[in-house]
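Heads up: the structure comes next, in structure tokens.
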Amino acid sequence: MPKGINYYVEEAKKTMDRRAEHRKIVKTWKFDTIACHGIYSLEEAMSCGQGGIIEPVIASTSQAFRDSDELEAALAYKIPSWSYARIHNPTIFYLEETLALLETYGTDIEATGLCTSSGMSAIKQAVEPLVAQVKGDNKPINFVSSCQVYGGTYQLFNVRMAERGVEVKWVTSPAETDKWEEKIDENTRFLYAEMPTNPQQGCVDIKKLADLAHKHEIPLIIDSTIATPALLRPIEHGADIVVHSLTKTIGSNGNCVGGAIVARHNLTSKHLTDEQKGNYAFWVKLLPFRDSGPCMTPMTAFQFLNELKSLRVRMENFSENAEKVVEFLSKHPKIEKVNYLGLEDNPLHPLAKKYMKLVDTDRPMFGHLCSFNVGGKLEETRKFFDNLNIISRATDLGRIKSIATIPAISTHQQQGEEGRAMASIPPNMVRLCVGGENPEDIINDLKQALGK
């Protein structure tokens, strides 16, 4: 006999209250403990995971319900459920909660995560509701972004957004906050920046940029893919939304593609409704995300969950290795210039040092990515690149294995010469992401390739 919708609503409230209490406890843990356990409690393990100590993979495409009342309550969003894998999934829930906890680590800020099928889908899902045209309002819409962004992001902003009548205003000196203010008007919907940037190693003053955005009642979005929450947590400094390509640094083993949005509750936006602002990532999940379907697979979420457990250790290792490689490159006579925020002679070093630290320490740390310009004719850059033996030639980054690419002919090719010049990406620039190998072997590979 059906138990009635109210029964399921009351039972769901009890479950949510228990989870909320457990979440308060988790917020008191250290970073590595949260990364290892997330929201997956002993109670969750017994009720959902049949006692498994690692989060379960729920591979089913849909959820069965006890009766018609529970089905109706679930599809009306009256109770927490996952219903259908295009909308949600328990394994993905554990990943989203863990990411939200890590991005707000050490604060009392509440945030919600949303995982997607790729980093680009995360960016698209994060920005699209912000540039939606309000019925009856035909004012032109724009947003302001650093020009130093990933090539795919540049294409999305410069081409796809233009196709729907939304203008992007590029900031060519993103570290200078006043350059952003010059671009903002009453029709600006959000500010967007990478920190640090790929491949130039640029950065922004997050706190000042957040204050500027909030002065104009709009949100600040930061792509923190390169840093990860192990080195930087933009929400702590005022950012409203953080996006990640989980494919990259967090998923360093390189066997999964995925993205994530983490949005603070009650974010700043004069263009969104109170419901949207209250829990933006959750609202996106229930409505626009459900309709467009850029969902992550449960097995992918499981892989990323397991990678998160060792995130801080890996970022420390990758960063230390990168520092040694950068030291070698900065002294090599065939290298014109090295871009790495950890170099003390880098003009942006003091700003980066203010924000980028290994979590739970005061130790400045700048990540795995660097770039450098090879001297001589352009053919010399290709010759060097083609002679690498250990370092893989690929467009990927953030791997356990070191990877190099030439951005002008790969990741940023679609920007065109004008766009690359604006973003400070010369043809002879090589992007190198240092992995977990012994740095001496990476240095020797670079040395022999430069020698040829």
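Looking only at region 51-74, decide whether some residue is within 18 Å of residue 100 (Cβ to Cβ), among the basic types (Lys, Arg) and touching a residue at least 60 places away in the same chain (Cβ under 8 Å). No, region 51-74 has no match at all. One residue alone among 109, 92 is in contact (Cβ under 8 Å) with a residue 60 or more places away in the chain, among the β-branched types (Val, Ile, Thr) and assigned to a helix (DSSP H, G or I), and that residue is 92. For region 12-49, a residue qualifies if it is hydroxyl-bearing (Ser, Thr, Tyr) and closer than 16 Å to residue 96 by Cβ, and the qualifying residues are 40, 41. Check whether at least one residue in region 359-371 is over 15 Å from residue 196 (Cβ atoms), in a loop (DSSP other than H, G, I, E, B) and in contact (Cβ under 8 Å) with a residue 40 or more places away in the chain, and report yes or no. Yes, region 359-371 contains at least one residue that is over 15 Å from residue 196 (Cβ atoms), in a loop (DSSP other than H, G, I, E, B) and in contact (Cβ under 8 Å) with a residue 40 or more places away in the chain.
Taking the criterion of being assigned to a loop (DSSP other than H, G, I, E, B) and under 30 Å from residue 404 (Cα atoms), the residues of region 181-204 that qualify are 195, 196, 197, 198, 199, 200, 201, 202, 203, 204. Within region 321-332, the residues that satisfy the criterion of being outside any loop (DSSP other than H, G, I, E, B) and touching a residue at least 12 places away in the same chain (Cβ under 8 Å) are 321, 322, 323, 324, 325, 326, 328, 329, 330. Do we have residue 101 as in contact with a helix residue (DSSP H, G or I) (Cβ under 9 Å, 6 or more places away or on another chain) and either small (Gly, Ala, Ser) or modelled with pLDDT of 90 or more (or both) here? So residue 101 passes the test. Restricting attention to region 149-174, the residues that are in contact with a strand residue (DSSP E or B) (Cβ under 7 Å, 6 or more places away or on another chain), surrounded by fewer than 21 Cβ atoms within 10 Å (Cβ to Cβ) and assigned to a helix (DSSP H, G or I) total 1. Considering only region 332-348, I want to know if a residue exists there that is within 19 Å of residue 198 (Cβ to Cβ) and among the hydroxyl-bearing types (Ser, Thr, Tyr). The answer is yes, given that some residue of region 332-348 is within 19 Å of residue 198 (Cβ to Cβ) and among the hydroxyl-bearing types (Ser, Thr, Tyr).
Taking first residues from region 289-309 that are assigned by TED's automatic domain parsing to the domain that holds residue 100 and partners that are at pLDDT below 95 and surrounded by fewer than 18 Cβ atoms within 10 Å (Cβ to Cβ), the Cβ contacts under 6 Å between residues at least 6 apart in sequence or on separate chains come to 293/86; 295/86; 298/59.
When region 307-329 is filtered for residues that are farther than 16 Å from residue 398 by Cβ and within 20 Å of the chain's Cα centre (by Cα), only 309 remains. The residues in region 31-53 that are loosely packed, with under 13 Cβ neighbours inside 10 Å and either modelled with pLDDT of 95 or more or under 25 Å from the mean Cα position of the chain (by Cα) (or both) can be counted, and the count is 1.
If you go through region 118-133 one residue at a time, do you hit one that is among the charged types (D, E, K, R), touching a residue at least 60 places away in the same chain (Cβ under 8 Å), part of a helix (DSSP H, G or I) and more than 30 Å from residue 188 (Cα to Cα)? No: zero hits.
Looking only at region 277-310, how many residues end up being of a type outside the set (D, E, K, R) and outside any helix (DSSP H, G or I)? Residues meeting the conditions: 7. In a residue-by-residue description of region 248-271, the property of being buried (at least 20 other Cβ atoms within 10 Å of the Cβ), charged (D, E, K, R) and closer than 25 Å to residue 431 by Cα applies to at least one position. Scanning region 383-429 for residues that are among the basic types (Lys, Arg) and either surrounded by 16 or more Cβ atoms within 10 Å (Cβ to Cβ) or modelled with pLDDT under 95 (or both) yields 399, 401, 420.
Scanning region 334-355 for residues that are surrounded by 22 or more Cβ atoms within 10 Å (Cβ to Cβ), among the aliphatic types (A, V, I, L, M) and under 24 Å from residue 238 (Cβ atoms) yields 341, 352.
The values are calculated or read from the model by the stated rules, or taken from the named source; none is laboratory data. This structure is a prediction, so every number in the text was calculated from the model and none was measured. Backbone-built Cβ (ideal geometry, glycine too); neighbour counts: all protein chains shown.
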